[in-house]
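Next up is a structure, given as structure tokens.
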Amino acid sequence: MDDVKDLLQEWVDKGWLPGAALRVLQGSELAFSCDVGTTSVDKSQPVTRETLYDLASLTKVTATLPALLLLLQEEKIRLEDPIGYFFPDCPTDKKAITIAQLLTHTSGLPADLEERTRKSQILLPDLLYQQKLLQEPGKKVIYSDLGMIWLGLLIEKVTGVRLDQFVTQRVFAPLGMNHTLYCPNNHSIKNIANTEFDSLTGAYIVGEVHDEKAFVMGGIAGHAGLFATADDLARYAQSWMDEDRAIISKEWRAAAIRCQTPAGTERRGYCWQSNDPSHPLSCGSTFHPDSYGHTGFTGTSIWIDPVHEWAVIFLTNAVHLGRDNQLRRLRPMIHDAVTAHLKRA
């Protein structure tokens, strides 16, 4: 796949990306790996296999989702359980929201807070209680960070363990994801891709979560906050593709990737986004309609095709160049380039 690496290097040379890490799985085995560019605009640190990327919303499918699936298969929670059962002080309009509705982004909660800043405080779960529902639960997909934050709180309430500790013990350690963690600055890790310039500090964000809500929550949240290497995400993808490497049962994996949302709305499984050939997505044009994946605002993505038995992990820190970057255009292009090669092989 020299042509694929050359394409990534071309994008770096043109200044469209600082750097990138790409991993391609075929038949659940690593078929291709490359790391190009640098971790920041000062170009002093090359991207290597050890480079950590801020996964942003990939946290939803890499930490929160597997944690909940483990609790579901152990029958500690049920999809139909109302959130009010676990949070009895929540207001009446939200008591009946189910775990399934939070997982499918059909809870009716808004997508985000009206104001996001790294210097505000978030008082949870009170702030979630205060949000006005935009629709009746179960009717429509509204992709919501707030619902995933609530699910992170739910995991802590059910297990009695902090979210980062639970997913490290039950998900990352069993899969050998030894470079996946929250709050890498607390561990003095140096090889981390920089994200956005922070006007409050006058410096680029590095080693702290980019997402404002997760930052003021201490860096540990159900919607964002996780950092990982591309190799670790390849191991995670393998656990969805290969029964021998799975930590989640076949039945619960199948349920999670199956479209669970009402007809006529955005197609989603449990946390995963379902491919939709009628609407161009970041996986490009050749992934099977049964494919599933997710993206992260900083520049990260993972897509898994269970029919062709492909997976592509594409990590960048495109937001380092500002929010008006080229990534939305580039993501489908790299996936199409990869699959074109796989089809020729």
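The values are calculated or read from the model by the stated rules, or taken from the named source; none is laboratory data. Please read all numbers here as calculations on a predicted model, not as lab measurements. Cβ: placed from backbone, ideal geometry, glycine included. Neighbour counts: every protein chain shown. Protein only, heavy atoms only, side chains kept; ligands, DNA and RNA dropped before computing areas. Shrake-Rupley method; radii C 1.70, N 1.55, O 1.52, S 1.80 Å.
Can you list the HN-Hα couplings for region 120-130, worked out from phi with the Karplus curve (6.51, -1.76, 1.60; θ = phi - 60°), rounded to whole Hz and with x for Gly and Pro?
8, 10, 10, 9, 10, x, 3, 5, 5, 4, 6
As an exercise, use a Förster radius of 22 Å and the Cβ-Cβ distance of V158 and L123 to find the FRET efficiency, rounded to the nearest 0.05.
For V158 and L123, the calculated efficiency is 0.55.
Share of antiparallel DSSP beta bridges in the chain, in percent to the nearest 5?
In the chain, approximately 95 percent of DSSP beta bridges are antiparallel ones.
Oh, and also: Provide the net charge surrounding N275, with neighbours chosen by a C-beta distance below 10 Å and charges set as Lys +1, Arg +1, Asp -1, Glu -1.
Net charge in that neighbourhood comes out at -2.
Hey, another quick one. Compute the relative contact order of the chain as a whole-number percentage, counting only Cα pairs closer than 8 Å that sit 6 or more residues apart in sequence.
Answer for the chain is 25 percent.
Quick check: pseudo-label points 7 Å beyond the Cα along Cα→Cβ at D93 and L133, how many nm apart are they?
Here the answer is 0.9 nm between the modelled labels.
Something else now. Find the accessible area per residue for the chain; the probe is 1.4 Å, ligands and nucleic acids are left out, and the unit is Å².
Roughly 42 Å² per residue, with all protein chains present.
Taking amide hydrogens as modeled 1.01 Å from N in the peptide plane, which residues meet the under 5 Å criterion relative to Y204, leaving out close sequence neighbours?
D198
Check L226: other-chain or 5+ apart residues with amide H under 5 Å from its amide H, H built from backbone geometry?
Correct list: L55, A56, T59.
Can you list the trypsin sites (Lys or Arg not before Pro) in region 148-197 that are in a DSSP coil and have 16 or fewer other beta carbons within 10 angstrom?
R162, K190
When the C-alpha atoms of region 202-333 are aligned to their principal axes, what extent does each axis show, in angstrom, from largest down?
Sorted from largest, the Cα extents of region 202-333 read 47, 32, 29 Å.
Scan around F32 for amide H atoms under 5 Å from its own, H built in the peptide plane at 1.01 Å from N, and keep only partners 5 or more places away or cross-chain.
Residues meeting the criterion, in which the H sits 1.01 Å from N, are V24.
OK, next. How much length is gained if the chain between E114 and M333 is pulled fully straight, taking 0.36 nm per residue apart and subtracting their Cα-Cα distance, in nm to one decimal?
75.5 nm is the gain from fully extending E114 to M333.
Another question about this same structure. If the limit is 29 Å between Cα atoms, which of K14/K119; K119/K139; K60/K94; K190/K343 go over it?
K14/K119; K119/K139; K190/K343
Pop out the carbon and sulfur fraction of the accessible area of the chain as a percent, whole number, probe 1.4 Å.
Within the chain, the accessible surface is 48 percent carbon and sulfur.
What net charge do the residues around T229 carry, taking every other residue with its C-beta under 14 Å from that of T229, with Lys and Arg at +1 and Asp and Glu at -1?
Neighbourhood net charge equals -1.
Can you sort W272, W252 by solvent-accessible area, 1.4 Å probe, largest first?
W252, W272
Pick from E309, E50, E251: which is most flexible by mean-square fluctuation in a GNM of the chain where alpha carbon atoms under 10 Å apart are linked?
Judging by the Gaussian network model, the answer is E251.
A follow-up question, please. Between region 9-76 and region 271-308, what is the separation of their alpha carbon centroids in Å?
So the two Cα centres are separated by 15 Å.
Which of rounded, prolate, oblate describes region 95-184, given a ≥ b ≥ c as roots of the alpha-carbon gyration tensor eigenvalues and a/c under 1.5 marking rounded, otherwise prolate only if a/b is larger than b/c?
prolate
Based on the mean of other beta carbon atoms within 10 Å per residue, what is the order of 133-141, 10-18, most packed first?
In decreasing order of mean packing, 133-141, 10-18 become 10-18, 133-141.
Just to confirm a number: summing +1 for Lys and Arg and -1 for Asp and Glu over residues other than V141 whose beta-carbon lies under 11 angstrom from that of V141, what do you get?
That sum, taken over residues with Cβ under 11 Å, equals +3.
Once every DSSP H run of n ≥ 4 in the chain is given -39500 (n - 2.57) and the sum is divided by its residues, what mean residue ellipticity at 222 nm do you get, rounded to the nearest 500 deg cm²/dmol?
Roughly -8000 deg cm²/dmol at 222 nm, from the helical runs in the chain.
Label E80 and R323 with points 7 Å out from Cα along Cα→Cβ: what is the distance between them in nm?
Once both label points are built, they end up 4.1 nm from each other.
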